[in-house]
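Notes to accompany the following structure.
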Amino acid sequence: GAVVSQHPSRVICKSGTSVKIECRSLDFQATTMFWYRQFPKQSLMLMATSNEGSKATYEQGVEKDKFLINHASLTLSTLTVTSAHPEDSSFYICSASSSTSPYEQYFGPGTRLTVT
Amino acid sequence: GENVEQHPSTLSVQEGDSAVIKCTYSDSASNYFPWYKQELGKGPQLIIDIRSNVGEKKDQRIAVTLNKTAKHFSLHITETQPEDSAVYFCAAGDYKLSFGAGTTVTVRA
């Protein structure tokens, strides 16, 4: 149980374009989803928290107009990186928790974004 | 906000030996302390967690201890195996987590 998937696993896009990453909870209802960013050999940095049906809460320093988060259902959240630049290249990881276990976060496999 | 420090940053152990990773946190309101294992190119995997009303928890070769007074918690892996080689992260918080910097564990065969 507690499986989270992400799609795509890898994506390469050109500078100035937008890319969407999907995060799905496969066998539970994710009342809260989290989006993290991880640079090589570094820790996970929380970007934003989203609750189903409401606007995401962004961490300090994260541009909400650049990183658009939608959590339209209890099993799906999306992160759209708008007007991507090479410095946005990173490993993006989502996690999800349920109302029955609000503290336990289950992570997806991550999406490697490369902006050329 | 919460600040989590993790030591050591790298740890090399002989197969069969024990590995210990230590973390400290700053926010006394934190009451959930999970540990994650991350293999190269993959997402973190929850391996064990502990809540603030418990001092110790064990699951087969893995154990975690928590000292709320001192604000530190530790991960203990006994009888290490090559497949234990990975990066381990501690975290602290509640529904929202702050992560340590990670420990790269290498188990030498």
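Only residues that are of a type in the set (A, V, I, L, M), within 14 Å of another protein chain (Cβ to nearest Cβ) and in a strand (DSSP E or B) were counted in the range A:12-46, giving 4. Pairing each residue of the range A:103-116 that is within 10 Å of chain B (Cβ to nearest Cβ) with any residue that is outside any loop (DSSP other than H, G, I, E, B) and charged (D, E, K, R), provided the two are 6+ apart or on different chains, yields C-beta distances under 6 Å for A:Arg112/A:Arg10. Before we move on, is A:Ser99 surrounded by 19 or more Cβ atoms within 10 Å (Cβ to Cβ) and touching a residue at least 40 places away in the same chain (Cβ under 8 Å)? No.
Report yes if B:Val13 is of a type in the set (Val, Ile, Thr) and more than 10 Å from chain A (Cβ to nearest Cβ), otherwise no. Against the criterion (of a type in the set (Val, Ile, Thr) and more than 10 Å from chain A (Cβ to nearest Cβ)), B:Val13 qualifies. Just one residue in the set B:Gln6, B:Gln45 is within 10 Å of the chain's Cα centre (by Cα) and within 10 Å of chain A (Cβ to nearest Cβ); that residue is B:Gln6. Among residues of the range B:41-67 being part of a loop (DSSP other than H, G, I, E, B), free of Cβ contacts under 8 Å to residues at least 24 places away in the same chain and of a type outside the set (S, T, N, Q), the one that is farthest from B:Thr104 (Cα to Cα) is B:Val54. The requirement of being within 12 Å of B:Tyr25 (Cβ to Cβ) and of a type in the set (Ser, Thr, Tyr) is fulfilled nowhere in the range B:77-95; no residue meets it. Among the listed residues B:Val87, B:Val54, B:Val107, B:Val4, identify the single one that is surrounded by 14 or more Cβ atoms within 10 Å (Cβ to Cβ) and over 30 Å from A:Gln60 (Cβ atoms). The conditions single out B:Val107.
Among the residues of the range A:47-100, just one is charged (D, E, K, R) and either in a strand (DSSP E or B) or within 13 Å of chain B (Cβ to nearest Cβ) (or both), namely A:Glu59.
Restricting the range B:94-109 to residues that are in a strand (DSSP E or B) and closer than 18 Å to B:Gly43 by Cβ leaves a set whose member that is nearest to the other protein chains (Cβ to nearest Cβ) is B:Phe99.
Coordinate-derived values only; no laboratory data. Computed from a predicted structure; not experimentally measured. Reconstructed Cβ throughout: ideal geometry from the backbone, glycine too, with neighbour counts over all protein chains shown.
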